[in-house]
Amino acid sequence: MNRLTPEEERVIVHKGTERPFSGEFLYHREKGVYVCRRCGAELFRSEDKFSSGCGWPAFDDAVSGAVRELPDPDGLRVEIVCAACGAHLGHVFRGEGLTEKDTRHCVNSVSLDFRPAPPERTERAIFAGGCFWGVEYYLEQVPGVVSVTSGYIGGTVENPGYEDVCRRDTGHAEAVEVVYDPARVDYEALARRFFEIHDPTQLGRQGPDVGDQYRSAVFYLDSDQKAVAEKLTGKLRENGYDVVTEIVPAGTFYPAESYHQDYYRKHGTAPYCHRPVARFGGEASGPAQ
Ligand SMILES: [Zn+2]
């Protein structure tokens, strides 16, 4: 069971109602499944979601057996709860003629969580911007990113290890390989975020980490990625940044040792080595932590 915030508890346990037109899933349009916020049971599919105009997410069907109907204490409506854990979800209405199934599960966003469907296809991007722990930490938070792997690229020996790279005679950079869903995020958004979370004006170092393995580089996989990287570095120069980022074709990417993967998440700490800065004008494209 997930721990609930006070607002979640008010709705899920004490059968409250979130303010209309306030829920995070009201206009949500991604493919996937909505699950119980408390116990994680699958409740509603995105293909059954429709716009009812009533101010709460609406579904004209539920996952078979997942939602239980109970007479509401008000004597008029029919309450719906998670069949697995009894969490209050909302109410079900029939006979409104809104969809062919003539059913409206009117559900509080607060009672739900969302699991996106696995992407139909994925693409890759490779960036180097100092200590890979920090770059991985921030890029993992970008919606549409499927996975981020820390590793080494751009050197002269095969299968380098951390010790080799630290010795600085192999030429490798600490880098991350990002696998992403192009239906949810594009390369330009990822590259923009990359230029916000590290300082592209530092040569042969990044923050407290000094050495060529911490250099700033975009390792492009095709000419489109190269063009995007050149466009963004051009914008940064217009904004007064003396960019030193290398834009070079990607060779083989070697994943780092497993203890380097998800470093900050495993240790429950935040990066010492990177801090997002809005370098393109306006606001940064992601959270500051
Ligand atoms: Zn549940």
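Tabulated values for the structure
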{"item": "Of residues in segment 74-83 being assigned to a loop (DSSP other than H, G, I, E, B) and in contact (Cβ under 8 Å) with a residue 12 or more places away in the chain, the one nearest to the ligand (Cβ to nearest atom)", "result": "Ala83"}
{"item": "Looking only at segment 64-94, and only at residues there that are at pLDDT 95 or above and at positive phi, the one that is surrounded by the most Cβ atoms within 10 Å (Cβ to Cβ)", "result": "Gly90"}
{"item": "Selection status of His198, out of contact with any Phe, Trp or Tyr (no Cβ under 8 Å at 6 or more places or on another chain) and modelled with pLDDT under 90", "result": "no"}
{"item": "Any hit, segment 218-238, residues being outside any helix (DSSP H, G or I), charged (D, E, K, R) and touching a residue at least 24 places away in the same chain (Cβ under 8 Å)", "result": "no"}
{"item": "Residues that are touching a helix residue (DSSP H, G or I) at 6+ places or on another chain (Cβ under 9 Å), over 22 Å from Gly282 (Cα atoms) and loosely packed, with under 15 Cβ neighbours inside 10 Å, drawn from segment 217-248", "result": "Asp224"}
{"item": "Any chance Tyr138 is within 14 Å of the chain's Cα centre (by Cα) and either without any contact (Cβ under 8 Å) to a residue 24 or more places away in the chain or buried (at least 16 other Cβ atoms within 10 Å of the Cβ) (or both)", "result": "yes"}
{"item": "Single unsatisfied condition, Asn108 versus (1) within 16 Å of the ligand (Cβ to nearest atom); (2) free of Cβ contacts under 8 Å to residues at least 12 places away in the same chain; (3) under 26 Å from the mean Cα position of the chain (by Cα)", "result": "(2)"}
{"item": "Residue within segment 166-175 that is part of a strand (DSSP E or B), assigned by TED's automatic domain parsing to the domain that holds Ser258 and not aliphatic (A, V, I, L, M) present", "result": "yes"}
{"item": "Candidates Val63, Val67, filtered to the one that is within 23 Å of Glu100 (Cβ to Cβ), within 11 Å of the ligand (Cβ to nearest atom) and under 29 Å from the mean Cα position of the chain (by Cα)", "result": "Val67"}
{"item": "Top-ranked residue in segment 11-47 [being surrounded by fewer than 18 Cβ atoms within 10 Å (Cβ to Cβ) and over 22 Å from the mean Cα position of the chain (by Cα); ranked as nearest to the ligand (Cβ to nearest atom)]", "result": "Val13"}
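The values are calculated or read from the model by the stated rules, or taken from the named source; none is laboratory data. Note that the coordinates shown come from a computational prediction; the quantities given were computed from them, not determined experimentally. Every residue, glycine among them, receives a Cβ derived from its backbone with ideal geometry; neighbour counts consider all protein chains shown.
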